[in-house]
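The next block holds one structure in the form of structure tokens; read it before the comments.
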Amino acid sequence: MKQFFLILGTTLSLLACSSKNNTHSVIVGNDADEHGCKKSTGSQWSQIKRDCVQPFSVGIKLKPVSTTSTQAAYILVDKDRIEIFSSEIPGSVIAQKINDTEWKNGNWVVKKINDIYELEKDGKTLYKNN
């Protein structure tokens, strides 16, 4: 009789722990954008590559100059243009080559000085890859 109540108690405890009313389920990786890039994997659409890329895997990492910022920026270098990925930019920005050491798009400027890239916004250096 003790075994019966032990088995019954265990069964009821297990049934009480199971939830049949779980109507909210999260599907991991179900966050594709209009290009099919999944933010949860760090993928973003690249205008230069015309494909989903992980900027941190294929780009050049630029570290913030400010000690208060922890977010890095990434650039993809093409022949006459550079694609900029930053948390300050929705998507990315393409900077066009001005000369051998400078690329520009509006208030964004990428400079290459002695093989070190600098990313400026409104004339202020925000990121470097040194």
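The values are calculated or read from the model by the stated rules, or taken from the named source; none is laboratory data. Values in this document were obtained by computation on a predicted structure and should not be read as measured data. Glycine gets a Cβ as well: all are built from the backbone with ideal geometry, and neighbour counts include every protein chain shown. These area figures cover heavy atoms from the full protein model, side chains too; ligands, DNA and RNA do not enter into them. Shrake-Rupley method; radii C 1.70, N 1.55, O 1.52, S 1.80 Å.
Summary table
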item	result
Which numbered condition Ile113 fails, given (1) of a type in the set (A, V, I, L, M, F, W, C); (2) at pLDDT below 95; (3) open to solvent by less than 60 Å² (accessible area, probe 1.4 Å)	(3)
Condition broken by Cys52, with the remaining ones in (1) of a type outside the set (S, T, N, Q); (2) under 24 Å from Ile116 (Cβ atoms); (3) under 18 Å from the mean Cα position of the chain (by Cα) satisfied	(2)
Complete set of residues in segment 64-88 that are among the basic types (Lys, Arg) and surrounded by 14 or more Cβ atoms within 10 Å (Cβ to Cβ)	Arg81
